[in-house]
Amino acid sequence: MAISLTVNGQKRSVDIESDTPLLWVIRDELGLKGTKFGCGAALCGACTVHLNGTPIRSCSTPVSAVDGQEITTIEGISGSTTLHKLQQAWVDHGVPQCGYCQSGQLMTAAHLLSYNAAPTEDEIKTAMSGNICRCGTYSNIVAAIQSVAGSEGEA
């Protein structure tokens, strides 16, 4: 089945089975390796991407469900060759340990700040609760988001 997508601002087309998870299209067909496979059951958040600006779990989303729509992956979050403010905050606050969950964490945090520029600590924890970090860097994640909160409009 021919599927058309806009991924990180570029129109792309793939000929693939309609029930193929979007994650495998992103990674294997389009070569964007930043989005990770974690659990395969939409529980851990490692595969989070934005569909028309809203976070989704790409491991459980069939590619046919996103035909003609806009996908943003971690590779497209900044929209330029420089780091997104959240990516820099991740570095500044020492968030990544193994790094495996980080693309999903960043995609969820970016969405949070897109609709709530100054979230409280509890709002951050609630928004991020669907993303699992096996290394347990949750306090660093909260600190990184708080450091960027209120400055998103300046990006």
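Among the residues of the stretch 104-112, is there at least one that is over 22 Å from CYS44 (Cα atoms), buried (at least 21 other Cβ atoms within 10 Å of the Cβ) and not hydroxyl-bearing (Ser, Thr, Tyr)? No, the stretch 104-112 has no match at all. Output the residues belonging to the stretch 8-49 that are closer than 14 Å to GLU75 by Cα, surrounded by fewer than 22 Cβ atoms within 10 Å (Cβ to Cβ) and in contact with a helix residue (DSSP H, G or I) (Cβ under 8 Å, 6 or more places away or on another chain). Listed by number, the residues that qualify are ASN8, GLY9, LEU32, LYS33, GLY34, LYS36. The set of residues in the stretch 50-70 being surrounded by 19 or more Cβ atoms within 10 Å (Cβ to Cβ) and over 15 Å from the mean Cα position of the chain (by Cα) consists of VAL63, VAL66. Of all residues in the stretch 117-144, those satisfying the criterion of being farther than 19 Å from GLN88 by Cα and in a loop (DSSP other than H, G, I, E, B) are THR120, SER129, GLY130, ASN131, ILE132, ARG134, CYS135, GLY136.
Laboratory data are not the source of any read-out in this text; all were calculated from the coordinates shown. All of these numbers come straight from a predicted model, not from anything done at the bench. In this analysis, Cβ positions are derived from the backbone assuming ideal geometry, glycine residues included, and neighbour counts consider all displayed protein chains.
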